[in-house]
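J.: Handing you a structure now.
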Amino acid sequence: MIGIYILGWGFNMHSASDGQNDFYEQLYLCAPIGIAKLSTDGHFLQVNPALCRMLGFEAGELLGRHVQNRADTNAFMPVSLMDLNESAPHNLLEFDFLHRKGHSVRLSAELTLISGQQEGTDSYYIAYIRETGGIETVQSHENNHLYELIANYAHEMIYISSRDGICLFCSPSTAKILGYRPEELIGRNNYELFHPDDLKIIQDKTKDSESLLQYRFRHKNGQYMWLETSFQFVTSNQGEKNYVLAIGREITERKHQEDILAEAMRVAAVGSWEWRVQENLVTVSDQVYRIYNRSRRARDGRPFELADFVEENDREPLKAKVQKALEGNDLNYEYQYVRKDGSVQYLHLRGVVSFDESSKPIRMNGTVQDVTDRKHAEFKLQETIERYTSLKKYNHDAIFSLDLSGHIMNGNVMAENLTGYKISELSGTIFSEFIGENQLKLVLGDCLQDNSSHNQIEWIKHKSGHVAEILSNIVPIIINNIKVGFYVIAKDITEQKKLLIAKEAAESTNKAKSEFLAMMSHEIRTPMNGVIGMTDLLMETTVLDNQQLEYLDIIRKSGDALLKIIDDILDFAKVESGKTILQAEAFDLRNCVRETVSLLSAKAEEKRLKISWQVSSDVPAQLIGDSDRLKQVLINLIGNSIKFTYTGGIAVSVVKLDQDSESVKLKFVVKDTGIGIPLDQADQLFEPFYQLGNFMTRKFQGTGLGLAISRKLVELLGGEIWLEESNESGAAFAFTVRLTAVHTEPLDSTGDLQSGMEEHQTRKLNILVAEDNETNQFVLRKMLEKHGHRIQVANNGKEVLHAVAYDSFDLIFMDVQMPVMNGLEAAQMIKETIHEDKRPVIVAVTANALKGDRELYLQAGMDDYLSKPIKSQMIADIIQKYFST
């Protein structure tokens with residue numbers, strides 16, 4: 001009756017205290033049996049969680065349903081709670097209820113009538129409900145006790161489920177094996193606990209009458225464990241196979257060991273096999289099929305035979321080996337096997353025979369192993385030995401094999417040449433005879449401590465008495481991790497040493513020459529900046545008469561001529577030293593020619609010469625190469641033509657000679673109507689410092705380097721340059737270059753020079769001039785102030801950093817060489833400390849003009865580069881480039 005009183009609280013009886021209420025409520029909610037409140041006409045009014053689990057419904061879905069909730073109502077005698085004797089406090093009732101999954105659940109209910117104690121309250125039933133099952137084979141009454149004992153004390157897990165996976169019963173051992181109490185699994189579809197990869201196999205296998213399965217099941221802790229379970233259908237009295245009986249055990253550790261063994265055999269490429277001799281039946285493991293790259297269903301399902309291990313031509317040798325094994329020997333056979341794809345694998349077949357009491361062979365157990373990698377390693381080892389022998393024999397260096405005491409064991413032909421002795425004479429000789437006793441002790445001591453050393457031996461004495469200088473390597477001879485000796489590898493560098501000394505002297509001379517050129521460039525350009533800059537300022541800002549203008553023009557032209565000489569000398573020095581590096585960038589050839597001609601137009605106009613250019617229509621619009629070097633060649637040639645031409649003009653033409661998929665070969669011709677060049681002097685034109693005869697040398701200035709530089713640059717561009725023969729007046733220089741093609745539509749371009757300047761306006765800028773030379777400070781400041789800009793001056797890099805910390809500048813002209821802190825360091829500090837949006841444009845100003853200077857300055861944080869001497873137009877171009885509107 002305790003259960004009835006407990007149920008009474010669960011249905012709003014308030015006679016108990018609050019503490020008791022909490023206790024009764026927990027018992028009602030956690031009770032392992034179904035508890036329900038039923039109306040007197042048989043409808044559910046309230047249900048506990050256990051009943052919901054039993055019937056597969058949520059609580060809200062059961063409320064209002066009748067206990068006769070079954071589709072086939074003729075299968076049992078209808079039950080009407082109204083027919084019960086209300087005077088009897090308890091009644092037992094058995095009935096079937098249709099589970100949510102669709103199967104019938106047999107229920108047993110103990111009913112207690114609760115009469116309405118107050119006027120206006122309804123009577124109701126308290127139902128204490130159990131599932132009675134329906135598996136007749138399990139529920140024969142005479143065996144119930146025995147079955148209960150087996151289920152409760154069996155170490156294996158006993159499990160009964162419907163065919164769709166609903167658990168109907170599980171033994172207490174489930175808690176130990178799976179971590180779930182039986183009541184946590186009963187009524188639950190446990191398919192969700194199977195590993196997804198195993199679920200399909202389980203569903204397929206349980207369609208058979210009996211099955212033995214291995215699968216993974218999720219433990220309550222979330223980890224999957226391996227189970228081995230035998231499945232069998234349980235047949236009801238009506239002959240229906242509605243239930244599945246399973247008995248299982250945990251095999252996680254066993255499975256783990258099996259997996260380790262299988263993985264080890266897979267890694268070792270070993271498969272196992274057995275041949276039952278009397279039955280002539282061969283069984284093989286899965287690994288054998290993997291080794292042979294075959295399926296078990298190959299050969300139309302024919303069983304594997306012993307002859308299948310080898311190919312046709314190896315079957316007779318294998319048969320002989322097997323026969324020997326049947327007579328008491330072990331089977332040990334290596335052979336080749338050609339796969340279907342033509343690849344060759346090497347296999348090793350082993351076997352051991354078991355005999356019965358009468359010495360008749362019963363079975364042969366063995367393995368087959370893929371030893372392809374080992375065989376390939378053996379082949380490579382043999383190849384290495386052969387290569388080493390050849391390498392040692394024909395090596396250009398002398399090789400001596402020494403034991404740990406320093407005696408010569410062997411040597412090669414070069415060792416004979418280096419010492420003057422034959423190998424037979426060297427063998428057994430102490431090596432100290434050739435390098436000295438003290439040196440040998442030092443070498444032996446070091447080599448016993450270290451694995452290798454370099455240039456420990458610097459000379460070897462020849463049989464004739466002279467000493468050969470060598471470079472040496474000493475490396476150990478190690479066999480089975482034991483050092484047994486060492487090799488001395490010696491290269492005779494007697495002649496190379498002489499060449500090295502000469503090379504170092506030449507490099508030192510070149511370095512001194514480069515340093516001298518850099519110094520001279522800086523020292524000459526710095527004062528020239530003042531001369532040319534002040535000349536420009538005087539001509540632009542001062543009212544001068546014609547004679548004064550003529551004097552200043554002479555000064556300006558003399559300065560330009562001096563700069564041209566400096567530039568030619570520097571260019572020639574760079575080309576001669578091999579420091580000229582070509583840049584591969586895409587450029588428009590027509591723009592390149594147009595810009596070059598435009599650059600020299602002013603000089604042509606001074607002499608009233610016409611200058612024109614033409615590019616053939618089949619020349620590609622875009623090319624890849626060093627446009628700056630190409631311009632330099634054109635400037636030299638066009639400049640010479642302007643110099644030696646008085647009437648007429650200069651014509652530049654470009655035609656395509658040939659083209660392949662990657663490059664284009666172009667021919668350039670610069671033709672003038674000048675004084676011409678005698679053909680007998682044509683061969684000497686491109687020699688450095690050469691000028692034409694006296695009738696020219698007195699009249700024309702120059703270094704005689706222009707054409708020499710042009711030839712070097714053209715050769716770097718993959719072409720050649722020459723003077724063309726012509727019956728017409730004047731001279732025609734031609735050269736070819738090979739450039740990389742960019743596949744675009746060619747354009748036909750011709751044109752006469754038309755000069756014109758586009759007007760650009762710039763705002764007034766706040767500019768910082770960083771320069772330690774007072775003259776150059778004055779020149780730059782005046783050039784900039786002339787255009788209305790606000791100027792500040794800094795004498796070194798530290799003053800620059802102080803200025804930018806307290807003021808905002810649009811532009812900084814930064815001299816590279818300054819005391820205290822140079823311009824490169826100052827530019828780097830500005831780049832690192834000032835945000836890009838507020839950072840001023842920094843232009844390097846330097847007297848250096850050697851290759852690589854510009855790249856160095858840009859890498860340090862400069863935005864652009866000007867080489868001294870600086871002219872007003874150069875400054876105007878920089879300001880227009882960065883600040884034009």
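The values are calculated or read from the model by the stated rules, or taken from the named source; none is laboratory data. Predicted, not measured: the structure shown is a model, and the values here were computed from it. A quick note on method: Cβ atoms are made from the backbone with ideal geometry, for glycine too, and the neighbour counts reach across all protein chains shown.
J.: Six or more apart or on different chains, Cβ under 8 Å: which pairs go from a residue in region 182-197 that's β-branched (Val, Ile, Thr) to one that's part of a helix (DSSP H, G or I) and surrounded by 15 or more Cβ atoms within 10 Å (Cβ to Cβ)? Could you list them?
T.: Every condition considered, the pairs that remain are Ile186/Arg53.
J.: Would you list the helices (runs of 4 or more DSSP H) that sit entirely within region 155-209 and hold 2 or more residues that are crowded, with 20+ Cβ neighbours inside 10 Å?
T.: Qualifying helices (runs of 4 or more DSSP H): 173-178.
J.: Among the residues of region 800-841, write down those that are of a type in the set (Asp, Glu) and closer than 23 Å to Lys764 by Cα.
T.: Asp807, Asp810, Asp815, Glu836, Asp837
J.: From (1) touching a strand residue (DSSP E or B) at 6+ places or on another chain (Cβ under 6 Å); (2) buried (at least 21 other Cβ atoms within 10 Å of the Cβ); (3) among the hydroxyl-bearing types (Ser, Thr, Tyr), pick out the condition that doesn't hold for Thr846.
T.: (1)
J.: Within region 570-587, is even one residue surrounded by 15 or more Cβ atoms within 10 Å (Cβ to Cβ), at pLDDT 75 or above, in the same structural domain as Leu666 (by TED's automatic domain parsing) and not basic (Lys, Arg)?
T.: yes
J.: Restricting attention to region 661-682, which residues are among the small types (Gly, Ala, Ser) and assigned to a loop (DSSP other than H, G, I, E, B)?
T.: Matches in region 661-682: Ser661, Gly674, Gly676.
J.: While we're here: Got at least one residue in region 215-228 being surrounded by fewer than 17 Cβ atoms within 10 Å (Cβ to Cβ) and at pLDDT below 85?
T.: So far as region 215-228 goes, no, none of its residues is surrounded by fewer than 17 Cβ atoms within 10 Å (Cβ to Cβ) and at pLDDT below 85.
J.: Here's something else I'd like to know. Quick one: how many residues across region 781-791 are modelled with pLDDT under 85 and either crowded, with 18+ Cβ neighbours inside 10 Å or among the aliphatic types (A, V, I, L, M) (or both)?
T.: So the count comes out to 1.
J.: Something else about it: Name the pairs: first residue in region 817-832 and in the same structural domain as Gly861 (by TED's automatic domain parsing) and within 8 Å of Gly861 (Cβ to Cβ), second residue at pLDDT 90 or above and part of a helix (DSSP H, G or I), Cβ to Cβ under 8 Å, at least 6 apart or on different chains?
T.: Listed by first residue and then by second, the contacts come to Ile830/Val800; Ile830/Leu801; Ile830/Val804.
J.: I'd like to know if region 437-456 contains one or more residues that are at pLDDT 85 or above and not in a helix (DSSP H, G or I).
T.: no
J.: Considering only residues of region 329-351 that are free of Cβ contacts under 8 Å to residues at least 24 places away in the same chain and under 19 Å from Val282 (Cβ atoms), which is surrounded by the most Cβ atoms within 10 Å (Cβ to Cβ)?
T.: Looking at residues that are free of Cβ contacts under 8 Å to residues at least 24 places away in the same chain and under 19 Å from Val282 (Cβ atoms), I get Tyr333.
J.: Still on this model: Determine which member of the set Glu495, Glu416, Glu504 is surrounded by 15 or more Cβ atoms within 10 Å (Cβ to Cβ) and of a type in the set (Asp, Glu).
T.: Sole residue among the options that is surrounded by 15 or more Cβ atoms within 10 Å (Cβ to Cβ) and of a type in the set (Asp, Glu): Glu416.
J.: May I ask you to list the residues in region 634-653 that are assigned to a helix (DSSP H, G or I) and not hydrophobic (A, V, I, L, M, F, W, C)?
T.: Across region 634-653, the qualifying residues are Asn636, Gly639, Asn640, Ser641, Lys643.
J.: Then there is this: Just give me the residues in region 818-839 being crowded, with 21+ Cβ neighbours inside 10 Å and outside any helix (DSSP H, G or I), in sequence order.
T.: The answer is Met818, and nothing else.
J.: Out of (1) buried (at least 18 other Cβ atoms within 10 Å of the Cβ); (2) aromatic (Phe, Trp, Tyr); (3) at pLDDT below 85; (4) outside the structural domain of Leu168 (by TED's automatic domain parsing), what's the single condition that is false for Phe231?
T.: For Phe231, the exception is condition (4).
J.: Filter region 352-369 down to residues that are in contact (Cβ under 8 Å) with a residue 12 or more places away in the chain and of a type in the set (S, T, N, Q) and give me whichever is surrounded by the fewest Cβ atoms within 10 Å (Cβ to Cβ).
T.: Asn365
J.: Can Lys712 be described as more than 55 Å from the chain's Cα centre (by Cα) and at pLDDT 80 or above?
T.: Against the criterion (more than 55 Å from the chain's Cα centre (by Cα) and at pLDDT 80 or above), Lys712 does not qualify.
J.: Residues to consider are Ala794, Ala860; find the one that is buried (at least 16 other Cβ atoms within 10 Å of the Cβ), over 48 Å from the mean Cα position of the chain (by Cα) and farther than 20 Å from Pro527 by Cβ.
T.: Result: Ala794 is the single residue among Ala794, Ala860 that is buried (at least 16 other Cβ atoms within 10 Å of the Cβ), over 48 Å from the mean Cα position of the chain (by Cα) and farther than 20 Å from Pro527 by Cβ.
J.: Also, quick follow-up: Going through region 460-484 one residue at a time, which ones are of a type outside the set (Val, Ile, Thr) and at negative phi?
T.: Lys461, His462, Lys463, Ser464, His466, Ala468, Glu469, Leu471, Ser472, Asn473, Pro476, Lys483
Residues checked against (1) outside the structural domain of Glu771 (by TED's automatic domain parsing); (2) at pLDDT below 70; (3) charged (D, E, K, R):
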{"site": "Lys497", "(1), (2), (3)": "yes, no, yes"}
{"site": "Glu515", "(1), (2), (3)": "yes, yes, yes"}
{"site": "His522", "(1), (2), (3)": "yes, yes, no"}
{"site": "Glu540", "(1), (2), (3)": "yes, no, yes"}
{"site": "Asp545", "(1), (2), (3)": "yes, no, yes"}
{"site": "Arg556", "(1), (2), (3)": "yes, no, yes"}
{"site": "Ala561", "(1), (2), (3)": "yes, yes, no"}
{"site": "Asp567", "(1), (2), (3)": "yes, yes, yes"}
